[in-house]
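Structure, as structure tokens:
The values are calculated or read from the model by the stated rules, or taken from the named source; none is laboratory data. Computed from a predicted model, the values in this text were never measured in an experiment. Note: ideal-geometry Cβ built from the backbone for every residue, glycine included; neighbour counts use all protein chains shown. The accessibility values were calculated without ligands, DNA or RNA, using every heavy atom of the protein model including side chains. Shrake-Rupley method; radii C 1.70, N 1.55, O 1.52, S 1.80 Å.
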Amino acid sequence: MSSYREESPVNPLPPVVIALAVFLIGIELVFAAGSRGFIGGPEAAGWRISMIEEWGFYEPLFSKMVETGSFPLRELARFFTYPFLHLSFTHLLFVLVFLLALGKMVGEVFSPLAFLVVYFGASIGGALAYWVVWDTPVILFGGFPSVYGLIGAYTFLLWSNLAATGGNQLSAFRIIAFLMGLQLIFGLLFGAGLNWVSEIAGFAAGFGLSFLVSPGGWSNVLARLRKR
């Protein structure tokens, strides 16, 4: 009897990536429907801005929380909610490209829980860096810090593989170097925004957390390095 098993020519996305993408698109569809008057009445036109103000990361608010030593859960939730809010569908589209491409590669190696730790760990790291570096009333929102965390996790996978095979580990950082180069060019041409700090921090968080949550964790990395 033949042991041949027919396989799909298209590898499916990991369920955790699909779930995040569906949730992000669902939020955007609600905002779009509200702005066009399909749902929610006249006030729905302002839903997007209201949600960004209520659930985006607001640096002065967190500074006040640190000063007073009071950390209401409602406000701490902003660390987790701001990556789901976007200024437009185009803004979301760029995030989705990173999520689907990097999410597939990372999600096929990491467990769903590890994937979410990297994704939301990067959002937390990005917000904290935003708070440390800037003193600004400009609200942080959008999924770039989180997907930059996935870039960090993918860089970790490349880096650890190169460590095992004796390759040049610095080449694993080509993706982030390329993206930061684009950031610099756009900043020079159109003016730099504030979010780049949170994106770099998201990358660093994703890379660092991968030492803990990747299959085998830090012990696996050490074992590979010792075999060189």
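Figures for the structure shown
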{"read-out": "Filter result (at pLDDT below 95 and assigned to a helix (DSSP H, G or I)) within the stretch 117-139", "value": "none"}
{"read-out": "Selection status of residue 99, within 15 Å of the chain's Cα centre (by Cα), open to solvent by less than 40 Å² (accessible area, probe 1.4 Å) and free of Cβ contacts under 8 Å to residues at least 60 places away in the same chain", "value": "no"}
{"read-out": "Cβ-Cβ under 6 Å pairs, at least 6 apart or on other chains, the stretch 27-41 side without any contact (Cβ under 8 Å) to a residue 40 or more places away in the chain and under 15 Å from residue 91 (Cα atoms), far side among the hydrophobic types (A, V, I, L, M, F, W, C) and in a helix (DSSP H, G or I)", "value": "31/47"}
{"read-out": "Residue satisfying condition, being aliphatic (A, V, I, L, M) and closer than 30 Å to residue 114 by Cα, within set 32, 44, 19", "value": "19"}
{"read-out": "Residue match in the stretch 16-34 (condition: over 30 Å from residue 161 (Cβ atoms) and touching an Asp or Glu at 6+ places or on another chain (Cβ under 9 Å))", "value": "yes"}
{"read-out": "Only one of 115, 156, 120, 110 that is in contact (Cβ under 8 Å) with a residue 12 or more places away in the chain and open to solvent by 40 Å² or more (accessible area, probe 1.4 Å)", "value": "120"}
{"read-out": "Options 87, 61, 29: the member that is closer than 28 Å to residue 131 by Cα and either at pLDDT 95 or above or open to solvent by less than 50 Å² (accessible area, probe 1.4 Å) (or both)", "value": "61"}
